[in-house]
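*Asks:* Before I ask anything, here is the structure I am working with.
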Amino acid sequence: MIAHVGQYLQETSARWPAAPAIIGAETSVTFGQLAEQANQIAAALIDVSPLTKCPIAVLLPRAPATVAVFQGVLWSGHFYVPLDPQSPRERLGKILTDLSPLAVVLSQQDHLHLAPILPPHTSVIELEATLLSAPTDIRKTIQLRMEQTIDTDPVYLKYTSGSTGHPKGVVLPHRAVTDYIEWAAATYQLGPDDAIGNQAAFTFDVSVQDIYLCLKTGAPLYLIPESHFSFPANLVDYLSTHKISYFCWVPSVLVSVSKLNLLAGVDLPQLRWITVLGEVMPTRHFQYWAAHCPTATLVNTYGPTETAIASTYYVLDRAFEDDQPLPIGTACRNTEILILDEQQLPVSDQQTGEICIRGSSLALGYWNDPEKTAHAFPEIVHRKHYPEKMYRTGDLGYWNERGELMFVGRLDTQIKHLGYRIELGEIESAASRVVEIHRACVLYDASRQQLILCYESGRELDRGALRKELAETLPAYMLPRVLLHMPTFPLNPNGKVDRQQLQSHYLSQTTTPNGMA
Ligand code: AMP
C-alpha cells in the first residue's frame, strides 16, 4: 500500500495524462494538467520556506484547480486545510488565528476582502498568478519531500462545528486516507470508464472520498453545480447526461429527489453505486431509489470526520417497512466498532451503548486542543495489556440480531442539518453574544428540517437585525429559521434550562403562524 496520498495523482497522471480528471461547471482538467498545476503550487510553496509539515490554508471554491492545490500542498511536504471563502469573515478569522498557517492559497478576487483577516507572517499565494508562472522542474525536490513524509504525518485538517463556539480542527494522517481509499476502490471497483458525481463541499470529508477515488482509479470526477441541489430535476438530468456511475451524497439530497418523484420514467442504466453518508437515511426514500435504479447497488455508510470518511457500511439486501430504520452495517476493512457503556466497557449482546471506533482511520486529534483530544480519543479501557486509542463518536448504537450495527441517536446536542454537522452550542454561543440576549437555546426540528433559536431577552428583537448579526459569525447553514422570544426561560429542578419545555413551547407556537419566522 502507498504511504503518501500524493502518489495517486503521480501514478494516474503518468498512466492516463490526457484523460479527463475533474470536470467543473466552468473549467475541466485532464490528469496531466492536474499534475502540472499541482507542480506549480508545490513550487510556489517550496519557495516560501524550507520548512515542511505545516498547515496550508486553501480558501478556494469547489473547482478543478482546488484539487490541484490540495495535491501541490502535499507534494511540497505540507498538509492542506480546506476553508470556504464564503464563510463569515469573523469565523474564518478565528480559524486562521487558531491555525496560524504557513501560507494561504486564495484567488485573486478574494485576496482583497480576505486580506484583513489573514494572520501576520502568513505568505499569500494567489492561485491565478501561480498557475500562470513559468513551469520549473522541481521533481527531485518533490520526491525528496514526499519521501520525508511518513504515513502518520498529517494529510489534511478539517474544521467542524464546536460546542463552545470555536470550530474544532480535526487532523487526519495519510494512512487514514490510504487505508480507506484502498478499501473503497476495491469495494466499488471503479475505473476510467466510470464517472463520479460529487456533491459534497471540499470542507466536508465525503469529498475526500470522491477526490481520491478519482485520483486512484482514473474515474473522472464531476463537480455537480451547487444550484442543481436546489433544483433536483436538473440533478437527475445531470446524472443522465454525464453518465454518472457512482456517487456518495448526503441523504437529504436523495430525499429531495424522491419527494418530488423525479425518477419516474427516468432511466439511469449507467448508475452502478448509490451510496450515502453523513446522516440518517430515511428508509422509504432509499427504497424509492432502489426501485427506480435497478442497475445500482445501494449502500448506507456511516462515519465521523474523526475517523476518515466511513467506518461502517450496509449494502441494501432486503426490503424494509417504511418506518423500520436502516442498519449502518458492519465495519469497513481494518476498522473495529466497539459498543461501550458509560464506564467505557463493552455492553452485553445487542444492548445500546456509545459507538466507539478503533483502527488506522483514526484522526491524530484536534489541532491545538489536547483536552478535547484526550476526551474524544481515550485509551481503550478493556485492552489492559498495552495502550491503544479509540474514538468516542458520541453516537448511540447497538448490534441487531443479524450482527448489523444500528444507529440510535446522539448522546449530546450535535445534529445533522442538510448533511452539515452542527453543534447546537456553537449557535447558542453566537446568539449569546448579541447584547440584548440574556440566554440562548437552540433546538432542531428534524421533521421540518429547521433550526429554532429560543432566546431570553427583555423584548422581542427585530428578526431581520438579529439574523444579520448572527450571519456575521455563523455560516448560512447554521442560521436559525425560527426565532422564538421568551422573557424568561423555563428551568428544570436542577436550575438548568429545561429544553423539554422549550420544545413544547416551540411545538405550541408552530400551529400559530405568528410564532414562525
Ligand atoms: P461528520 O463528522 O460531519 O461526518 O458527522 C459525523 C456524524 O454524522 C456521526 O457521528 C453521526 O452522528 C452522523 N452520521 C454519519 N453517517 C450516518 C448514517 N449513515 N446514519 C446516521 N447518522 C450518521
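The values are calculated or read from the model by the stated rules, or taken from the named source; none is laboratory data. Note that the structure is predicted; figures quoted are calculated from it, not measured. Positions of Cβ are generated from backbone atoms using ideal geometry, with glycine treated the same way; all protein chains shown enter the neighbour counts.
*Asks:* I'd like to verify a number: residues in segment 122-180 that are part of a helix (DSSP H, G or I) and of a type in the set (Gly, Ala, Ser), how many?
*Replies:* 2
*Asks:* Here's something else I'd like to know. Criterion first (in a loop (DSSP other than H, G, I, E, B) and either surrounded by 18 or more Cβ atoms within 10 Å (Cβ to Cβ) or free of Cβ contacts under 8 Å to residues at least 12 places away in the same chain (or both)) does ASP194 satisfy it? Give the derivation first.
*Replies:* Working: in a loop (DSSP other than H, G, I, E, B): yes; either surrounded by 18 or more Cβ atoms within 10 Å (Cβ to Cβ) or free of Cβ contacts under 8 Å to residues at least 12 places away in the same chain (or both): yes.
Taking the combined requirement at face value, the residue satisfies it.
*Asks:* Report whether or not ALA363 is within 16 Å of the ligand (Cβ to nearest atom), buried (at least 18 other Cβ atoms within 10 Å of the Cβ) and touching a residue at least 60 places away in the same chain (Cβ under 8 Å).
*Replies:* Values: within 16 Å of the ligand (Cβ to nearest atom): yes; buried (at least 18 other Cβ atoms within 10 Å of the Cβ): yes; touching a residue at least 60 places away in the same chain (Cβ under 8 Å): yes.
The answer is yes for ALA363.
*Asks:* Could you pull out the residue among LYS372, LYS384 that is over 15 Å from ALA331 (Cβ atoms), within 15 Å of the ligand (Cβ to nearest atom) and not in a strand (DSSP E or B)?
*Replies:* Working: LYS384 fails: within 15 Å of the ligand (Cβ to nearest atom).
Criteria check complete, one pass: LYS372.
*Asks:* Also, I was wondering about something else. Quick check on segment 245-254. Is at least one of its residues near the ligand (Cβ under 10 Å from one of its atoms), closer than 24 Å to VAL208 by Cβ and surrounded by fewer than 21 Cβ atoms within 10 Å (Cβ to Cβ)? Give the derivation first.
*Replies:* Step one: of segment 245-254, the residues near the ligand (Cβ under 10 Å from one of its atoms) are 250-251.
Those left that are additionally closer than 24 Å to VAL208 by Cβ: 250-251.
Narrowing further to those that are surrounded by fewer than 21 Cβ atoms within 10 Å (Cβ to Cβ): none.
Scanning segment 245-254, I find no residue that is near the ligand (Cβ under 10 Å from one of its atoms), closer than 24 Å to VAL208 by Cβ and surrounded by fewer than 21 Cβ atoms within 10 Å (Cβ to Cβ), so the answer is no.
*Asks:* What's the total number of residues in segment 159-176 that are within 12 Å of the chain's Cα centre (by Cα) and away from the ligand (no atom under 13 Å from the Cβ)?
*Replies:* Count: 0.
*Asks:* So, of the residues in segment 281-299 that are in contact (Cβ under 8 Å) with a residue 40 or more places away in the chain and not aromatic (Phe, Trp, Tyr), which turns out to be surrounded by the fewest Cβ atoms within 10 Å (Cβ to Cβ)? Before you say what the answer is, go through the steps one by one.
*Replies:* Narrowing segment 281-299 to residues in contact (Cβ under 8 Å) with a residue 40 or more places away in the chain: 281, 283, 286.
Then drop every residue that is not not aromatic (Phe, Trp, Tyr), which leaves 281, 283.
Numbers: MET281: 27, THR283: 18.
Going through the qualifying residues, I end up with THR283.
*Asks:* Take residues that are more than 22 Å from the chain's Cα centre (by Cα) and closer than 30 Å to LEU92 by Cα and tell me which of the helices (runs of 4 or more DSSP H) falling wholly in segment 401-517 contain 2 or more. So that I can check it myself, show each step before the final result.
*Replies:* Values: elements: 424-432, 463-471, 499-510.
Per the criteria, 424-432, 463-471.
*Asks:* Being surrounded by 19 or more Cβ atoms within 10 Å (Cβ to Cβ), more than 15 Å from the ligand (Cβ to nearest atom) and not assigned by TED's automatic domain parsing to the domain that holds LEU345 narrows it down to one of GLU428, GLU436, so name that one. Lay out the reasoning, then the answer.
*Replies:* On the way: GLU436 fails: surrounded by 19 or more Cβ atoms within 10 Å (Cβ to Cβ).
None of the others qualify; the one that does is GLU428.
*Asks:* In addition: When you scan segment 100-121, how many residues do you find that are in a strand (DSSP E or B) and either exposed (fewer than 15 other Cβ atoms within 10 Å of the Cβ) or of a type in the set (Phe, Trp, Tyr) (or both)? Working first, answer last.
*Replies:* Let us first name the residues in segment 100-121 that are in a strand (DSSP E or B), namely 103-106.
If we keep only those that are either exposed (fewer than 15 other Cβ atoms within 10 Å of the Cβ) or of a type in the set (Phe, Trp, Tyr) (or both) as well, we get none.
Residues flagged as in a strand (DSSP E or B) and either exposed (fewer than 15 other Cβ atoms within 10 Å of the Cβ) or of a type in the set (Phe, Trp, Tyr) (or both) within segment 100-121 amount to 0.
*Asks:* Conditions: (1) outside any loop (DSSP other than H, G, I, E, B); (2) more than 9 Å from the ligand (Cβ to nearest atom); (3) not hydroxyl-bearing (Ser, Thr, Tyr). VAL276 meets all but one. Number of the miss?
*Replies:* Condition not satisfied by VAL276: (2).
*Asks:* Scanning for something touching a residue at least 24 places away in the same chain (Cβ under 8 Å), in a loop (DSSP other than H, G, I, E, B) and surrounded by fewer than 18 Cβ atoms within 10 Å (Cβ to Cβ), does segment 300-319 turn up at least one residue?
*Replies:* yes
*Asks:* Mind counting the residues in segment 199-227 that are more than 12 Å from the ligand (Cβ to nearest atom) and either closer than 28 Å to ALA18 by Cα or crowded, with 24+ Cβ neighbours inside 10 Å (or both)? Before the answer, list the steps.
*Replies:* Narrowing segment 199-227 to residues more than 12 Å from the ligand (Cβ to nearest atom): 199, 202, 210-227.
From what's left, either closer than 28 Å to ALA18 by Cα or crowded, with 24+ Cβ neighbours inside 10 Å (or both): 199, 202, 210-226.
Total meeting the criteria: 19.
*Asks:* GLN414 - would you say it is in contact (Cβ under 8 Å) with a residue 60 or more places away in the chain, more than 12 Å from the ligand (Cβ to nearest atom) and not aliphatic (A, V, I, L, M)? Lay out the reasoning, then the answer.
*Replies:* Details: in contact (Cβ under 8 Å) with a residue 60 or more places away in the chain: yes; more than 12 Å from the ligand (Cβ to nearest atom): no; not aliphatic (A, V, I, L, M): yes.
Here the answer is no, as GLN414 does not meet what is asked.
*Asks:* Also: Within segment 394-411, take every residue that is more than 13 Å from the ligand (Cβ to nearest atom) and buried (at least 16 other Cβ atoms within 10 Å of the Cβ) and give me the one that is nearest to GLU423 (Cα to Cα). If you could, list the steps in order and put the result at the bottom.
*Replies:* Quick first cut of segment 394-411, residues more than 13 Å from the ligand (Cβ to nearest atom) only: 398-403.
In the following step, the residues that additionally are buried (at least 16 other Cβ atoms within 10 Å of the Cβ) were identified as 398-399.
On the way: TYR398: 23, TRP399: 26 Å.
Filtering first and then ranking leaves TYR398.
*Asks:* Further, regarding this structure: Which condition number in (1) crowded, with 19+ Cβ neighbours inside 10 Å; (2) small (Gly, Ala, Ser); (3) out of contact with any Leu (no Cβ under 7 Å at 6 or more places or on another chain) is the one that SER447 fails?
*Replies:* (1)
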